[in-house]
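To start, the structure under review is shown below, and the notes come after it.
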Amino acid sequence: MAKDPERFSNHKMVSQYTYSTHALPSPGTSTSPPPDLASIARRYADLRLEALLTSPTAFASSHEIESKLASEAWAERVWRNDAVVLVCVAHLATESNQSHGLLDGEWVGSAILRGPMPGHEYALRPDHDAPPFGSDEEETKWQMTAVFASAAHRGHGIGKKLIQAGKDFAMAQTSNPSSGLVLRPAKVRLRVLIHPDNLVVLALYSATGFTDVARTTGQEAYRTNGDLALWDLKLQSLTDDMKVYWKTAKVAVVMEWLGEIP
Ligand SMILES: CC(C)(COP(=O)(O)OP(=O)(O)OC[C@H]1O[C@@H](n2cnc3c(N)ncnc32)[C@H](O)[C@@H]1OP(=O)(O)O)[C@@H](O)C(=O)NCCC(=O)NCCS
């Protein structure tokens, strides 16, 4: 794609920040919720609401819907069995190098990684042109969604860092013998479903090793992203023709990355 000249001139500038990525506490990595879960959930809510406000067409949900969520609902979005929330934290580069706590810096990016997803849930429906994938014993399967970087921090690698954090998390969970998996799978499969008009995100995932493997419906994007509750709201907002389009037209771009456990 043609690169946005303004953004790429910014890209050449050295950021005054350093960026680190973190997986928020989740049942996949911790035995019980952290004592500061409410503070973590509040920070995540602030960032997510900023994403919905500043990039309203990028996500299935809306600021109107999510700004009404209670603090308990945000805590449940962080501490959940089916996914982990990844965040990127910025610190002024002039600050000392000592390790910072999750809540010390400014939260400037986030993404959600769902998984490991069993094959029957990962399979696209109908699946006749979807690529084949291995059994759950051979590979773990994950889906990334909702990647976001704050507008003021774009062009400094936050998107790439979040995707790398997703790959690292999935690889670590797959190779960790205490992760509850009976056999240690040898591979990790990560997928993302992208709106065909979102050229920046298509370029971002291509730049991080994902390949274009298929097309699927908008309805499948909602289902596999774990947004079925939002799908019902979406349907209510559509005309009959558009309902058929969202259920049958294969327009969402399916990209995958396959990693091997060393
Ligand atoms: C997509 C997004 C997260 C990228 O964040 P970012 O931190 O600016 O991205 P990075 O700096 O890591 O860029 C990584 C790659 O993405 C691509 N890219 C990012 N911004 C781009 C732009 N404006 N034009 C063209 N390519 C771009 C490039 O391939 C770039 O690699 P390069 O720098 O080696 O050329 C950010 O633009 C965003 O939050 N967009 C709105 C939300 C959104 O659409 N989310 C997707 C929901 S599915």
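The values are calculated or read from the model by the stated rules, or taken from the named source; none is laboratory data. Note that the structure is a prediction, hence the values are computed from the model and not measured. Heads up, the Cβs are rebuilt from the backbone with ideal geometry, glycines too, and the neighbour counts pull from every protein chain shown. Note: areas computed on protein heavy atoms with side chains; ligands, DNA, RNA excluded. Shrake-Rupley method; radii C 1.70, N 1.55, O 1.52, S 1.80 Å.
Below are the figures for this structure:
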{"read-out": "Where a residue in the range 145-159 is under 14 Å from Ala45 (Cα atoms) and open to solvent by less than 20 Å² (accessible area, probe 1.4 Å) and its partner, wherever it lies, is part of a helix (DSSP H, G or I) and within 6 Å of the ligand (Cβ to nearest atom), with Cβ under 9 Å and at least six apart", "value": "Phe148/Ile158; Phe148/Gly159; Ser150/Ile158"}
{"read-out": "Filter result for Leu102 (away from the ligand (no atom under 16 Å from the Cβ), at pLDDT 90 or above and in contact with a helix residue (DSSP H, G or I) (Cβ under 9 Å, 6 or more places away or on another chain))", "value": "no"}
{"read-out": "Selected residue [within 21 Å of Gly226 (Cβ to Cβ), part of a helix (DSSP H, G or I) and open to solvent by 30 Å² or more (accessible area, probe 1.4 Å)] from Arg42, Arg48, Arg77", "value": "Arg77"}
{"read-out": "Scope the range 1-38; condition within 22 Å of Ala165 (Cα to Cα), at pLDDT 65 or above and not in a loop (DSSP other than H, G, I, E, B); matching residues", "value": "Tyr17, Thr18, Tyr19, Ser20, Thr21, His22, Ala23, Leu37"}
{"read-out": "Yes/no for Lys247 being part of a helix (DSSP H, G or I), exposed (fewer than 15 other Cβ atoms within 10 Å of the Cβ) and not polar (S, T, N, Q)", "value": "yes"}
{"read-out": "Residue, nearest to the chain's Cα centre (by Cα), within the range 59-74, restricted to residues that are buried (at least 18 other Cβ atoms within 10 Å of the Cβ) and among the hydrophobic types (A, V, I, L, M, F, W, C)", "value": "Phe59"}
{"read-out": "Selection count where residues are within 24 Å of Pro126 (Cβ to Cβ), open to solvent by less than 40 Å² (accessible area, probe 1.4 Å) and not hydrophobic (A, V, I, L, M, F, W, C), scope the range 206-224", "value": "7"}
{"read-out": "Check on Leu52, more than 12 Å from the ligand (Cβ to nearest atom) and under 20 Å from Tyr222 (Cα atoms)", "value": "no"}
{"read-out": "Among (1) within 12 Å of the ligand (Cβ to nearest atom); (2) in a loop (DSSP other than H, G, I, E, B); (3) closer than 21 Å to Thr57 by Cα; (4) open to solvent by 20 Å² or more (accessible area, probe 1.4 Å) - the single one Val200 does not satisfy", "value": "(2)"}
{"read-out": "Filter result for the condition that a residue is of a type outside the set (Ser, Thr, Tyr), away from the ligand (no atom under 16 Å from the Cβ) and surrounded by 15 or more Cβ atoms within 10 Å (Cβ to Cβ), over Leu162, Leu124", "value": "Leu124"}
{"read-out": "Of residues in the range 221-247 being more than 14 Å from the ligand (Cβ to nearest atom) and charged (D, E, K, R), the one nearest to Arg189 (Cα to Cα)", "value": "Arg223"}
{"read-out": "Inter-residue pairs, beta-carbon under 7 Å, first part of a loop (DSSP other than H, G, I, E, B) and in the range 167-187, second of a type outside the set (Ser, Thr, Tyr) and modelled with pLDDT under 85, 6+ apart", "value": "Arg184/Pro177"}
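Matching residues to (1) touching a strand residue (DSSP E or B) at 6+ places or on another chain (Cβ under 7 Å); (2) more than 30 Å from Lys161 (Cβ to Cβ); (3) at pLDDT 95 or above:
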residue	(1), (2), (3)
Tyr205	yes, no, yes
Val213	yes, no, yes
Gly218	yes, no, no
Thr224	yes, no, yes
Asp227	no, no, no
Leu238	no, yes, no
